[in-house]
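Q: One structure is given below, represented as structure tokens, and several questions about it will come after.
Each value in this text was obtained by applying a stated rule to the coordinates, not by laboratory testing. The model shown is predicted, which means the values in this text are computed figures rather than measured ones. FYI the Cβ positions are ideal-geometry reconstructions off the backbone, even for glycines, and counts take in every protein chain you see.
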Amino acid sequence: MEDEEINYGELGLKVGLEIHQQLNTKHKLFCACPTQLASDEVKRKAIERYLKATKSEVGEIDPAALYEMRKGRKIIYEVPEGHACLVEMDEEPPHELNQEALTITLAIAKALHSIPVDEIYVMRKIVIDGSNTTGFQRTAIVALGGEVSDPEGTVKIQTICLEEDAARKVSEGRGFIRYNIDRLGIPLIEISTAPDIRDPEQAMRVALKLGLLMRLSGKVKRGLGTIRQDLNISIKGGVKTEVKGVSKLELIPKVIRYEVLRQLNLLKIRDELRKRGISNDSVKNELTDITDILLKSRSKLVMRSVKKGLRAYAIRLRGFKGILGWELQPNRRFGTELSDYAKAWGGVQGIIHSDELPNYGITQKVVNEVFSLLNLDPSKDAFLFVLADHEKAERAINAVIDRVRKAFHEVPKETRGANPDGTTRYLRPQPGAARMYPETDVPPVRVTEDLLSEAEKIRPPTPDEMLSELISNHGLSEELAKQLIRDPHITTYLDLVAELPNVQPQLIASTLLIHLKSLKSEGLDVDKVGVEELKQLLAMVGKGAIAKEAIPEVLKTYLSSKGKKSIQEVINEFSSITKEELEKIVEEITGQFKEEIRARGNRAFSFLMGKVMAKVRGRADGKLVANVVKEKISELNKTGGS
Ligand SMILES: [Zn+2]
């Protein structure tokens, strides 16, 4: 389905945003440890724990974690020296709430017209994946309400919270998971909007605005992984789906479009199943071992699995022909959804279904034999199988059958994870309302007038204040400033302006907004130009080592080399030529085009200028070239006139 055909208003699209941003405070939220992550060189020790959960919590647990937990999964926490203390190790109670983090949160809340609460109560929110040594995350509501303006309608803020970040996962394997606890306890601000967003582009604009506002406080961390966006997305007749971990702003509209597409397709599948007159109790949990038939095709996948002691267990899906291969999102079919369930609940590699066969070395002849063994009609029916031991196969198939049965009446409530291409995958069922308990180790904090006036001092500028700052202090044209304030590149812009005092902001803005965009429209992968490359290039321009006119050519050459040349190598190729060299070039060209220049008389300037600029390809400043060319022409006119 083409996007242009989708009318999001008619579909009743509703989107809410949840943004988590790390604060750049001196200390963590509940101890005196720094908020920088440990480098690999830092000495560390490891402590071991086992995941545990009480019965009442079980309903909220990631099924994969639950499965591991029942097996007694070991958790290893790396404790890097100087980056974590007894508090993160849960061997000492938390210290008092970090005032700096609270002040920053209040400042951001003010800028959003959110109303601070009178007293901050720290709560415990249960987390059971092992990412918190305590088994819970500490969180506190700091402000309520507020809004973000947007041309398509104001988006309300629901809550602004201050919370501790979780430990970061380092690796995971059979029976263990390893975390580094340097990230645990870094203060996070969490801004949740109401589901007031009505179309995919609006969601990106609002996220950009919130991100920018936080950035403008000057008190938040920058770089990959310091900001994380979650979305909840629903359409009429569908369900509110939570999508976790959208790390790139630019991906937000795509994630929303694809999720809408997925829900629409699931509703179509439901209607199709009804039309075919199949009922959901026809989906039976009867495993048939089809290993021996599959082996006849000498499929490497099957043979490898059998060697490991696994078998192929199949179930019948009467009337399902074409349903499993039905594409929900680009390259993700209904069968892919089932596969996600099998992986999460059964710990298997996935499923294989008849709509994708013959494939994997399994021949049509063998597929036909499976159909007849299962007593199915290949023109109407379908089957699927897993390669697993019997216990895992049962668990995987149970989850798959539950999911297939839901297809008859609804879009299931799920928490999904964002993939790098904008599609999403099943993570776990949605938890009920998060269970919270008061954190008795941290006393409540009164939000005093003093605290509020401290916050006022660092309140980030409003977008209008920012716009006038860009125009009057940075010297940007109004047009460029307005464009910049709506563009995700603004954060890169601010970084570069701060780090390159010798480079005109106007030049930085035009590089980001004009040159990179035009290279993108030429089909080059401009994402390959990172902040570091831009910094090197612009610093050279600032020093006068290359002409600003060379910027587009340098970037184009760099991108076209597809990683074969470093930006520095390309910069060297373009480094400026001396005035003497330039004069020599002008001399040469004048000699070459004597007749043309004479014929043009007064209009020779632009002709000669064009020829020279093409020759120097940005290796000389435009003004300098113009001067040399003018001199040359007046020289020619003099000699020509005498
Ligand atoms: Zn600490």
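Q: Please list, by residue number, everything in the stretch 356-373 whose backbone N is under 15 Å from a paramagnetic label point 7 Å out along Cα→Cβ of LYS284.
A: Counting only backbone N, you get 373.
Q: Can you work out ³J(HN,Hα) from phi for every residue in the stretch 323-328, in order, using Karplus 6.51 cos²θ - 1.76 cosθ + 1.60 and θ = phi - 60°, giving whole Hz and x for Gly and Pro?
A: Here the 3J(HN,Hα) series is 6, 5, x, 5, 7, 9 Hz.
Q: Trypsin sites (Lys or Arg not before Pro) within the stretch 266-336: which are DSSP loop residues with at most 12 other Cβ atoms inside 10 Å?
A: Those satisfying the criteria are LYS284, ARG298, LYS308.
Q: Ok, one more. I need MET123, MET436 ordered by Cβ neighbour count within 10 Å, fewest first.
A: By the 10 Å Cβ count, ascending: MET436, MET123.
Q: Got a sec? How would HIS95, HIS83, HIS409 order by Cβ neighbour count within 10 Å, fewest to most?
A: Starting with the residue having the fewest Cβ neighbours, the order is HIS409, HIS95, HIS83.
Q: Any idea how far the Cα center of the stretch 297-320 sits from the one of the stretch 517-570, in Å?
A: 51
Q: A further question on this structure: Calculate one ³J(HN,Hα) per residue across the stretch 583-597 by plugging θ = phi - 60° into the Karplus curve 6.51 cos²θ - 1.76 cosθ + 1.60, and present them in order as whole Hz with x for glycine and proline.
A: Each residue of the stretch 583-597 in turn: 4, 5, 4, 4, 4, 4, 5, 4, x, 5, 10, 3, 4, 4, 5 Hz.
Q: Follow-up. Going 7 Å from the Cα of GLN568 along its beta-carbon direction, which residues of the stretch 511-536 have the amide nitrogen within less than 12 Å of the resulting point?
A: From the stretch 511-536, the list is 536.
Q: A further question on this structure: Within 10 Å of each candidate Cβ there may be at most 14 other Cβ atoms; applying that plus a DSSP loop requirement, which GluC sites (Glu not before Pro) in the stretch 76-126 survive?
A: GLU81, GLU91, GLU96
Q: What whole-number volume per residue, in cubic angstrom, does the convex hull of the C-alpha atoms of the stretch 219-319 give?
A: Hull volume over Cα atoms, normalised by residue count, gives 216 Å³.
Q: Going by amide H atoms built from the backbone, whose H comes under 5 Å of the H on ILE323, apart from near neighbours?
A: So ILE323 has HN proximity to no qualifying residue.
Q: Once Rh for the stretch 499-642 is found with the Kirkwood sum over Cα pairs, what is the Stokes-Einstein diffusion coefficient at 4 °C and 1.567 mPa s, in µm²/s?
A: After rounding, the answer is 78 µm²/s.
Q: Evaluate the Debye formula for the chain with equal point scatterers sitting on the alpha carbons, no solvent, and hand back log10 of I(q)/I(0) at q = 0.12 Å⁻¹, in q order, two decimals.
A: These q points yield log10 I(q)/I(0) values of -1.30.
Q: How fast does the stretch 579-641 diffuse by Stokes-Einstein, in µm²/s, taking the Kirkwood radius from C-alpha pairs at 20 °C and 1.002 mPa s?
A: Translational D for this selection: 186 µm²/s.
Q: Also, I was wondering about something else. Using alpha carbons only, how many angstrom separate the centre of the stretch 72-100 from the centre of the stretch 216-280?
A: If we compute the Cα centre of each part, the gap is 34 Å.
Q: Using 32 Å as the Cα-Cα cut-off, could you pick out the over-long pairs in LYS248/LYS565; LYS268/LYS300; LYS74/LYS564; LYS248/LYS380; LYS209/LYS535?
A: LYS268/LYS300; LYS74/LYS564; LYS248/LYS380
Q: Going 7 Å from the Cα of GLU327 toward and past its Cβ, which residues in the stretch 403-432 have a backbone nitrogen under 14 Å from where you end up?
A: Zone members listed by number: 423.
Q: Rounded to the nearest 10 degrees, what's the angle between the helix 531-543 long axis and the longest principal axis of the chain, both from Cα atoms, 0 to 90?
A: 10
Q: Would you list the P(r) distribution for the stretch 148-286, with all Cα-Cα distances sorted into 5 Å bins from 0 and each bin expressed as a whole %?
A: Pair shares across the bins are 2, 8, 14, 16, 15, 12, 11, 9, 7, 5, 2, 1, 0.
Q: Given the stretch 255-387, what whole percent of its Cα pairs are spread farther than 27 Å?
A: Everything past 27 Å amounts to 20 percent.
Q: What 222 nm value per residue comes from the helices of the chain, counting each DSSP H run with n ≥ 4 as -39,500 (n - 2.57) and dividing by all residues, nearest 500 deg cm²/dmol?
A: So the helix-based figure for the chain works out to -12000 deg cm²/dmol.
Q: Could I ask something else about it? Using a 10 Å cut-off around each Cβ, can you sort THR139, THR226 from fewest to most neighbouring Cβ atoms?
A: Sorted ascending by nearby Cβ count, the order is THR226, THR139.
Q: Note the full-extension length gain between SER372 and LYS43 as 0.36 nm times their separation in residues minus their Cα-Cα distance, in nm to one decimal.
A: That pair, SER372 and LYS43, stretches by 112.2 nm at full extension.
Q: Can you list, bin by bin at 5 Å, the percent of alpha carbon pairs in the stretch 461-573, starting at 0?
A: Percent of pairs per bin, in order: 2, 12, 24, 23, 19, 11, 6, 2, 1.
Q: Filter the GluC sites (Glu not before Pro) in the stretch 488-579 to those in DSSP coil with at most 16 other Cβ atoms within 10 Å of their Cβ, and list the result.
A: Sites meeting the loop and neighbour criteria: GLU522.
Q: On a 0 to 90 degree scale, rounded to 10, what angle separates helix 200-216 from the longest Cα axis of the chain?
A: 70
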